[in-house]
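Worksheet for the structure shown next.
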Amino acid sequence: MRLIGKLLLAAALAAPAVASADDVASRLGNYEAEARTLGTDMPTAQSLGAPSTSSHRLVDAQVAFGLGDYDAAINQLFDLANHPGPDAEAATYYLAESLYQKGDRGAAHNYFAQLATSGSANGKYYQPALGRLIELSIVTGDDSEVGTWTGKLDQIAPGLRQPLVPYVRGKLAYSQGKLDEAIAYFQDVPKGSDWDMQTEFFTGTIAVAKQDLAKATDIFTDLIARKPRTSADRRVIELGELALGRLYYERDQFGKSIDAYLLVDRHSDLFPDALYEVSWVYVKNKQYDKALRALELLGQSEPDSGRTPTIRILEGNLRIRKAQMIRASQVEGTGNAADDPGIEYEKANTVFTDTHDQYYPGYIALSKLVVANADPAKYFDQLTGRGGRAFEVTAPLPDEAATFIRDQPGMQRLVGIANDLAVVRTTLDQTRQMLDELDLVIASKDTYDVYPSLSAKRARIAAIEDDLVKVRDDLADQQLSLVNPSGDLAQLTATRKQLSQQYGSQPNVEAAHGKAIGDAQSGYDAIESAADEVDSALDSTHAMAVAMRTYASFTSDQQQQVSTGLDDAAKDSHSIEGELRDVREELAIGRTLARFGDDGSAQTRALRKQVTQAQDAEHRVLAGFASASRDPKRSQDLAALGDRAARIADQLDQLDAQMDAVAQQALQNTKQSIATERTNLAGLDKELADAEGEARDGGTAVLAQSFLNARVKLYDIVVRTDVGNVDVAWSQKEDNDDDLKRLNLARARELKQLRDEFKDILDDTTPKPPEHHKSDLPPPDANTGDGRVNAGTSPQGTGPASVKPDEQKDQKKGGSK
């Protein structure tokens with residue numbers, strides 16, 4: 001019975017052991033295969049953190065270029081274009097094209113010239129570069145190099161010339177006034193090429209230049225009916241629609257002109273031009289209501305345009321004409337009695353008055369600056385849009401004055417340069433912040449999470465090692481059940497179990513790390529919210545300071561006092577703004593570093609290493625007890641599985657150490673690269689500072705002239721609005737005078753009619769005037785010029801008088817007696 005009991009007990013103990021051994025063997029086999037896979041394709045220190053290949057960077061830049069993000073394309077292409085390599089030529093062309101599209105013609109010319117002079121005539125970008133150089137000569141008016149570029153084009157074999165060549169040559173001939181030569185070149189542009197529609201547009205333009213408006217109309221009509229294939233074709237069609245509207249206007253076909261203008265897509269940047277021009281067509285056609293609607297839509301589409309005051313003045317004049325038309329129709333008896341010309345006069349007067357009040361302060365401000373010969377450089381930041389809270393420097397220019405100043409051609413170029421320099425400054429600041437973050441990452445000595453290509457592998461190694469700890473504990477426990485522990489084995493087992501229990505009680509590392517990151521991010525969010533509140537308070541203070549300084553500029557008795565107080569407050573403002581910038585930079589760095597330097601993970605890895613070492617020590621001793629085991633075969637199988645698990649653990653540990661060494665070397669390389677980049681950054685900072693200084697120095701004269709030009713335009717607007725108000729008053733006066741004349745005429749007609757109707761009655765009752773008695777005096781003497789009768793002459797002036805004066809007196813006396 002005892003023997004049967006022992007056999008049953010052995011069977012009960014052996015059955016699960018066999019199944020567990022098979023399961024463990026399968027798991028260990030999978031881990032062995034996975035360990036071999038993890039060891040393949042091991043990255044090197046040089047490949048970690050290295051930028052993507054030039055081909056990938058070129059593709060990214062081409063995508064950015066295709067999307068119209070020229071700044072991003074330039075940033076990616078600059079390094080590729082300035083370093084030798086297989087993609088240098090393509091990078092140079094796309095860099096030049098990006099600069100050209102941004103309007104930086106000088107820099108674009110240099111890169112295009114580099115392709116034209118050093119590139120191969122059979123190169124892909126050789127002819128396009130020459131074409132752009134000729135177009136740049138046309139735009140800038142500098143033809144000093146045109147002969148060189150056209151000569152290079154002529155050297156290309158006719159069969160190898162791209163369709164771009166005759167198009168550019170025709171464009172050059174057109175710019176030089178050689179119209180027939182231009183037509184000859186344009187005829188050589190193949191139909192269906194990328195330059196076909198541009199060629200047709202220039203052909204129509206040449207017809208206009210030759211005063212053949214009918215032919216030009218036919219060309220543009222055919223052009224706008226074509227289907228665009230590219231964005232450039234779509235642009236040409238929109239320009240053709242504008243040209244067609246102008247042609248019909250010149251030919252007095254106003255209906256067709258309006259239809260052509262209204263074809264321009266409302267999302268196009270040419271739509272405001274179409275609205276402005278179609279409003280004049282409506283005016284020409286005396287459709288004032290439609291013209292007013294077009295102007296209203298135009299004002300909504302570009303509310304801050306420099307054309308806004310012209311539009312509003314035109315609106316006021318149209319309302320005057322509309323009022324006159326309403327009144328004329330009412331006088332003729334053909335108008336609507338409900339229409340009131342006075343309403344339109346009132347609207348016109350309101351438009352003129354509001355426009356005057358809006359732009360008059362800007363004119364006064366500019367006039368004061370011009371008269372005082374103030375330094376326009378003080379307003380550089382405001383006008384270029386790069387200023388922050390610069391209220392402490394001076395009262396800002398009114399927005400209307402600033403808008404007119406920015407619309408000056410020279411000022412537009414200056415603003416473009418300032419914006420480009422600001423982009424460079426932002427890029428350098430971001431680079432500096434990134435280098436600071438990298439320094440802190442290196443200082444954290446966290447080699448696990450720095451490189452994603454390694455962290456994923458090391459995370460899987462940690463997961464396998466964690467499971468191996470459990471497997472080896474189970475195998476050791478099974479081996480212990482078959483032997484009688486004694487001596488060192490008991491101590492080793494106790495140490496292993498203590499460490500395993502401690503390791504098993506560790507919280508989930510990933511969950512704990514994620515919670516720590518979340519808590520850190522919440523803290524950063526609270527700090528950022530507080531920084532936003534401070535920023536908002538500074539904005540309010542800025543607005544109040546601007547208002548106070550502007551008010552003080554009109555009250556000379558308080559100007560000095562207010563300016564002094566604001567200058568003192570500005571110092572505090574600068575200090576607070578500097579601290580805010582530092583806080584935001586620290587927030588950005590803190591958010592980045594929140595996931596690095598996880599102490600919990602490091603402790604878990606260290607404890608797991610201790611457990612593995614304890615398991616190794618126990619396993620070596622247990623293997624020696626296999627022969628003295630109660631089941632030697634099973635003990636040997638368990639020892640073999642323990643050996644496999646130990647080898648896998650050791651292999652994974654070596655892989656982890658190898659990856660750690662690669663990461664350490666990569667960090668060291670990164671540290672050296674950071675030092676190099678900081679040196680380069682210092683040089684770029686100096687170049688940028690010099691460029692910004694040159695822009696400010698060179699922009700002073702441009703600013704001064706822009707101030708003068710803007711002042712003239714604002715004066716013109718103010719005068720025209722005043723004239724508009726006078727026109728309103730004068731038109732109303734003329735209407736009143738005309739009403740008075742018509743009332744007088746009507747009164748006269750009614751009086752005449754009454755006299756005619758009551759003529760008989762008036763004739764009978766009206767007393768007759770006394771008869772005219774013939775004068776007893778003789779007629780004037782024909783020989784005298786004073787109408788008096790000369791003494792001693794007859795009334796007829798032919799003989800002596802029949803009665804002398806004295807005798808005449810006596811006769812009168814006698815008669816009276």
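Residue check: is Val483 part of a loop (DSSP other than H, G, I, E, B), modelled with pLDDT under 85, closer than 30 Å to Asp637 by Cβ and of a type in the set (A, V, I, L, M)? Yes, satisfied. Report whether or not Asn725 is open to solvent by 80 Å² or more (accessible area, probe 1.4 Å), assigned to a helix (DSSP H, G or I) and not charged (D, E, K, R). For Asn725, the condition - open to solvent by 80 Å² or more (accessible area, probe 1.4 Å), assigned to a helix (DSSP H, G or I) and not charged (D, E, K, R) - is not met. Is it the case, given these coordinates, that Ser455 is in contact with a Phe, Trp or Tyr (Cβ under 8 Å, 6 or more places away or on another chain), free of Cβ contacts under 8 Å to residues at least 60 places away in the same chain and among the polar types (S, T, N, Q)? Yes: the conditions hold for Ser455.
Being open to solvent by 40 Å² or more (accessible area, probe 1.4 Å), in contact with a helix residue (DSSP H, G or I) (Cβ under 7 Å, 6 or more places away or on another chain) and modelled with pLDDT under 75 is the filter here; which residues of the range 353-384 pass it? Within the range 353-384, Gln382 is the sole residue that qualifies. Here is a check on your reading of the model: is Pro272 within 28 Å of the chain's Cα centre (by Cα), surrounded by 14 or more Cβ atoms within 10 Å (Cβ to Cβ) and in contact (Cβ under 8 Å) with a residue 60 or more places away in the chain? Considered against the rule, which asks whether it is within 28 Å of the chain's Cα centre (by Cα), surrounded by 14 or more Cβ atoms within 10 Å (Cβ to Cβ) and in contact (Cβ under 8 Å) with a residue 60 or more places away in the chain, Pro272 comes out as no. Which one is most open to solvent (accessible area, probe 1.4 Å), of the residues in the range 8-35 that are of a type in the set (Gly, Ala, Ser) and at pLDDT 80 or above? Looking at residues that are of a type in the set (Gly, Ala, Ser) and at pLDDT 80 or above, I get Ser26.
Please work out which residue is modelled with the highest pLDDT, limiting yourself to the range 574-604 and to residues that are open to solvent by 50 Å² or more (accessible area, probe 1.4 Å) and out of contact with any helix residue (DSSP H, G or I) (no Cβ under 7 Å at 6 or more places or on another chain). Top of the filtered list is Gln603. Screening the candidates Tyr248, Tyr261 for the property of being open to solvent by less than 40 Å² (accessible area, probe 1.4 Å), aromatic (Phe, Trp, Tyr) and free of Cβ contacts under 8 Å to residues at least 24 places away in the same chain yields one hit, Tyr261. Scanning the range 657-681 for residues that are of a type in the set (A, V, I, L, M) and either open to solvent by 60 Å² or more (accessible area, probe 1.4 Å) or more than 29 Å from Thr384 (Cβ to Cβ) (or both) yields Ala657, Met659, Ala661, Val662, Ala663, Ala666, Leu667, Ile674, Ala675. Just one of the listed residues (Leu48, Leu80, Leu38) is under 30 Å from Ile442 (Cβ atoms), at pLDDT below 80 and surrounded by 14 or more Cβ atoms within 10 Å (Cβ to Cβ), and it is Leu48. Just one of the listed residues (Ile219, Ile206) is open to solvent by less than 50 Å² (accessible area, probe 1.4 Å) and within 15 Å of Arg246 (Cβ to Cβ), and it is Ile219. Only residues that are of a type in the set (D, E, K, R) and over 30 Å from Pro409 (Cβ atoms) were counted across the range 691-749, and they come to 11. The sole residue among Val611, Val621, Val702 that is open to solvent by less than 60 Å² (accessible area, probe 1.4 Å), of a type in the set (Val, Ile, Thr) and either part of a loop (DSSP other than H, G, I, E, B) or closer than 23 Å to Tyr31 by Cα (or both) is Val611. The C-beta contact set for the range 296-312 (first residue within 12 Å of Glu400 (Cβ to Cβ), second residue in a loop (DSSP other than H, G, I, E, B) and not aromatic (Phe, Trp, Tyr), distance under 7 angstrom, 6+ apart or interchain) comprises Gly306/Asp407. Of all the listed residues (Val450, Val471), the sole one being in a loop (DSSP other than H, G, I, E, B), touching a residue at least 40 places away in the same chain (Cβ under 8 Å) and surrounded by 15 or more Cβ atoms within 10 Å (Cβ to Cβ) is Val450. Filtering the range 115-170 to residues that are within 18 Å of Asp104 (Cα to Cα), surrounded by fewer than 20 Cβ atoms within 10 Å (Cβ to Cβ) and among the β-branched types (Val, Ile, Thr) leaves Ile138, Val139, Thr140.
For the range 354-383, the set of residues classified as touching a Ser or Thr at 6+ places or on another chain (Cβ under 6 Å) and more than 15 Å from Leu703 (Cα to Cα) consists of Thr355, His356, listed by residue number. Got at least one residue in the range 168-175 being under 20 Å from Thr117 (Cα atoms) and part of a helix (DSSP H, G or I)? Looking through the range 168-175, at least one residue is under 20 Å from Thr117 (Cα atoms) and part of a helix (DSSP H, G or I).
The values are calculated or read from the model by the stated rules, or taken from the named source; none is laboratory data. This is a predicted model, so every value here is computed, not measured. For neighbour counting, all protein chains shown are included, and Cβ atoms are generated from backbone atoms with ideal geometry for every residue, glycine included. Just the protein is used for accessible areas: all its heavy atoms, side chains included, with ligands, DNA and RNA removed. Shrake-Rupley method; radii C 1.70, N 1.55, O 1.52, S 1.80 Å.
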